[in-house]
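One structure is given here, and the rest of the page talks about it.
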Amino acid sequence: MTTRIVLLGAPGSGKGTQSQRLVTRFGIPQISTGDLLRSAVARGTPLGLVAGEVMKAGKLVDDSIMLGVIRERLAEPDAAKGFILDGFPRNLVQAAALEQLLAQIGQPLTRVVLMEVDYAELTRRIAGRRSCPKCGSVFNIHSMPAGSEQRCDKCVDRPELFQRPDDTEATVARRLQVFEEQTRPLVGFYQARRLLRSINAQGNVDAITALLVAALKPAPKAKKKVAKKKVAKKTAKKVVKKAAKSASRTVAVKVSKQAAKKAAVVTVKTTKRKSVKKTAKKAAKKAAKKTVAKKAAKKVAKKAAKKVAKKAAKKAAKKAPAKAK
């Protein structure tokens, strides 16, 4: 599993301690900007020389130099499987620049973990923090075994640990104020990108490690939600198809009903027309028959009249000569 993470948290929240544990667990490097700068300066790299001059002048190294140093470090073979960024980014400008850089080299972040600790506890932790001058490992006198020497047990010669100037109680209030003003806004920045997980980093170191490792894993609920979304989409598609079929059937029924009504009207009209035609034909035939009968009767009457007239004429002719004698 590729693990590219940023640990966020106020000074003393345990980012350094937990980073070292993650290095052992996942076999990926911890990238601390402070260590990177010191290493670049010591090796005399082009960026290290520039950074060295800025640091000698008592000024802050600008973001472009920091990003250049980070880019060089991420190009090394041990960062291929992932990395842990500790102490960078510290503000929104750096977060946006880092996002752009990681996108360019094809190594986007997989998770950002916010380690939440009560400020009173932070003050106690910072005041008790000690560092190794050789390997840079961080220890805390409150978590070290009682009576043990304040020496680095990771280096062969066990150098004596020291307290950094910015780890004194006098600087805690100022550092916490800077965190609230500049770094706290990163919570919203990474929440918007769905990268942020928060853990309670107050308590047993092993328990905090367990919480941190769990926060780095993909959330099971997220998978279930994705599965539910897929099911919902399939169900929605089925419903839409059913509705479409039902709608098409309804339309077809309406169309067929309208067509049937139209056909019925046409049939009725046609039937009426045919009926009228038949009636007319019958009437015409009847009228024709009556006309023929009348004509026949006239002919018969004429014939009969002619016969009667002829008979009457003959009778009159016979009577006429007798009178003459």
Checklist entry - Rounded to the nearest 0.05, what FRET efficiency is calculated for A146 and S64 with R0 set to 45 Å and r the Cβ-Cβ distance? => result 0.45
Next on the checklist: Report the Cα centroid-to-centroid distance between region 1-51 and region 157-176 in angstrom, as an integer.
Outcome noted: 18 Å
Item to check | region 107-226: proportion of alpha-carbon pairs further apart than 19 angstrom, % | outcome: 62 percent
Checklist entry - What is region 1-121 by shape, rounded, prolate or oblate, if you read a ≥ b ≥ c off the alpha carbon gyration tensor as root eigenvalues and call it rounded for a/c under 1.5, prolate for a/b larger than b/c, and oblate otherwise? => result oblate
Next on the checklist: Counting only protein heavy atoms and a 1.4 Å probe, tell me what percentage of region 9-106's accessible area is made up of carbon and sulfur.
Outcome noted: 57 percent
Checklist outcome for this item: Note to self: with every protein chain in place and a 1.4 Å probe, region 1-135 gives an accessible area per residue in Å² of 46 Å²
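The values are calculated or read from the model by the stated rules, or taken from the named source; none is laboratory data. If you're wondering where the values come from, they're calculated on a predicted model, not measured in any experiment. For neighbour counting, all protein chains shown are included, and Cβ atoms are generated from backbone atoms with ideal geometry for every residue, glycine included. Just so you know, the surface numbers come from the protein's heavy atoms only, side chains and all, with ligands and any DNA or RNA stripped out. Shrake-Rupley method; radii C 1.70, N 1.55, O 1.52, S 1.80 Å.
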